[in-house]
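The values are calculated or read from the model by the stated rules, or taken from the named source; none is laboratory data. What you are looking at is a predicted structure, and each value in this text was computed from that prediction instead of being measured. Counting neighbours? That spans all protein chains shown, and the Cβs are built from the backbone with ideal geometry, glycine included.
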There are 2 protein chains.
Amino acid sequence: MSIKAKITPGHSNTLNKELVILAAIKLADESGINGLSMRKLGRELGVEAMALYYHLKNKSQLIEEMIDHIHGEIEIPFDAPNWRAFMQRRARSALDVVARHPWAAGLMESGVNPGPATLKDSDTMIQCFREAGFSIAMTVHAVTVLNIYIYGAAQQYAKLPFTTTEQAAEVSEAIKRQFPMGTYPYLGEIITQHMIKSGYSAVDEFDFGLKLILDGIALLERE
Amino acid sequence: MSIKAKITPGHSNTLNKELVILAAIKLADESGINGLSMRKLGRELGVEAMALYYHLKNKSQLIEEMIDHIHGEIEIPFDAPNWRAFMQRRARSALDVVARHPWAAGLMESGVNPGPATLKDSDTMIQCFREAGFSIAMTVHAVTVLNIYIYGAAQQYAKLPFTTTEQAAEVSEAIKRQFPMGTYPYLGEIITQHMIKSGYSAVDEFDFGLKLILDGIALLERE
DNA sequence: ACCTGAACACCGTTCAAGT
DNA sequence: ACCTGAACACCGTTCAAGT
């Protein structure tokens, strides 16, 4: 055993898959998915890019692992009193997770090669609906519409060029200035009357749509 | 005027923005968004990559223009008898468009720099709801939930590793073989009882969710 | 007006070689 | 077992120069 290993006990000073994945997520959080390169990631880890290929097959596999890790950050609210509370909390958690890792928005739910965290999340959602008395067919419908909505919303949310309602108003005005008055009268009305005057909140919109969908699912309960 | 110009009247033999965009879409359709490079695109057009920079600012702008063009392919059913028929037909058309251009799925609705086709589409959707008597606030809710659902579904649909129900069954079995029996019991049940036995159809799932959302929107009509 | 050649600063990945 | 150096075949983009 080397002296180095004795100096840092319990902390491996050599690389491993997990460390690479965590560093890759950190790098992507900071500089986006296009800012993530094997060479930069190596630099960040104090190693040449080629070293990464000892721990991972290639960049695709790295990204798959990153996505499954992110998926594992979504809260699974086992203690929720009913399916509706469960799905509501899970949805909010998923939106939070994507807000922290915007680059991941378009990559989740790819359908190909789901990792353990992804599979566990699906399994738990299904369990929740089944135990609430939903049939298999209705469970599939419910899970599908919820996931489409949540990941769709997360993706649009991640791409929003604003976060506060003030910024929303500014951006709306900028868009409106780009086209001559009257070209898009209905859109123009929405922007002036709604986006700028009253406060537009992307999160409120998300919640409204989620409620609409949960109400719809409630009607499937005994079908 | 050159002889060449006389030989091909009405057909410019030099490049222009529109030709570049169309060729780029064709190339992306064939080889995905990662297969689209300025150098390959130049080759396809019989020109050096650098020539493209005379017609477009950079690759980002090219992609923005491609997306707006794709957006223009979505049918706007002016002759629909009511808002519901309008939204149903538009949704189906959007799904078809993304099926033809899977690489575009994750890039539509980016919110930044919407092009004329994108703005026109929004304007028409808003007009449809407003003329049906929806308030401004309810129109925003309805358009938001519909777009999130449609583009979310399009994205998942574009990424599906299967198209027919037979392929769906095969892929489901492959996924199931990857994990030890009983690890994900509820997911396992869905796969064996539903995905493999009865036929799973992604399009049917899309329609089910769309109906659920349209039913929900109908309840907002006089709010 | 429209295109090219050369150049720059990057990529992902392989593979033999080093310790 | 774990990492590196050199190499290959790519990228996007700028800019002076060509016609």
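Residue-by-condition table, conditions (1) closer than 30 Å to B:Arg90 by Cβ; (2) facing chain A (nearest Cβ under 8 Å); (3) surrounded by 19 or more Cβ atoms within 10 Å (Cβ to Cβ); (4) touching a residue at least 60 places away in the same chain (Cβ under 8 Å):
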{"site": "B:Gly152", "(1), (2), (3), (4)": "yes, yes, yes, no"}
{"site": "B:Gln155", "(1), (2), (3), (4)": "yes, yes, yes, no"}
{"site": "B:Thr164", "(1), (2), (3), (4)": "yes, no, no, no"}
{"site": "B:Ala168", "(1), (2), (3), (4)": "yes, no, yes, no"}
{"site": "B:Ala174", "(1), (2), (3), (4)": "no, no, no, no"}
{"site": "B:Pro180", "(1), (2), (3), (4)": "no, no, no, no"}
{"site": "B:Thr192", "(1), (2), (3), (4)": "no, no, no, no"}
{"site": "B:Leu210", "(1), (2), (3), (4)": "yes, no, yes, yes"}
{"site": "B:Ala218", "(1), (2), (3), (4)": "yes, no, no, yes"}
Looking at (1) assigned to a helix (DSSP H, G or I); (2) under 16 Å from the mean Cα position of the chain (by Cα); (3) not hydroxyl-bearing (Ser, Thr, Tyr), find the lone condition where B:Glu109 falls short.
-> (1)
If we keep just the residues of region A:194-208 that are among the aliphatic types (A, V, I, L, M) and within 16 Å of A:Ala154 (Cα to Cα), which is nearest to the other protein chains (Cβ to nearest Cβ)?
-> A:Ala202
Matching residues, region B:105-138, being of a type in the set (S, T, N, Q) and facing chain A (nearest Cβ under 7 Å) | B:Ser110, B:Ser122, B:Gln127
Restricted to region A:49-65 and to residues being of a type in the set (D, E, K, R) and more than 14 Å from every other protein chain (Cβ to nearest Cβ), the residue nearest to DNA strand C (Cβ to nearest atom) is A:Lys57
Exactly one of A:Asp29, A:Asp96, A:Asp68 is within 16 Å of the chain's Cα centre (by Cα), within 14 Å of another protein chain (Cβ to nearest Cβ) and away from DNA strand D (no atom under 16 Å from the Cβ), and that one is A:Asp68
Residue, surrounded by the most Cβ atoms within 10 Å (Cβ to Cβ), within region B:20-39, restricted to residues that are more than 14 Å from DNA strand C (Cβ to nearest atom) and among the charged types (D, E, K, R) = B:Asp29
Please work out if B:Met87 is within 10 Å of another protein chain (Cβ to nearest Cβ) and in a helix (DSSP H, G or I).
-> no
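Among the helices (runs of 4 or more DSSP H) lying completely within region A:160-223, list those that include at least 1 residues that are at pLDDT below 85. Give the steps one after another, and end with the answer.
Numbers: elements: A:165-178, A:185-190, A:202-218.
Output list reads A:165-178.
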Out of region A:39-62, which residues are in contact (Cβ under 8 Å) with a residue 12 or more places away in the chain, more than 10 Å from DNA strand D (Cβ to nearest atom), closer than 16 Å to A:Leu19 by Cβ and in a helix (DSSP H, G or I)?
-> A:Lys40, A:Leu41, A:Glu44, A:Leu62
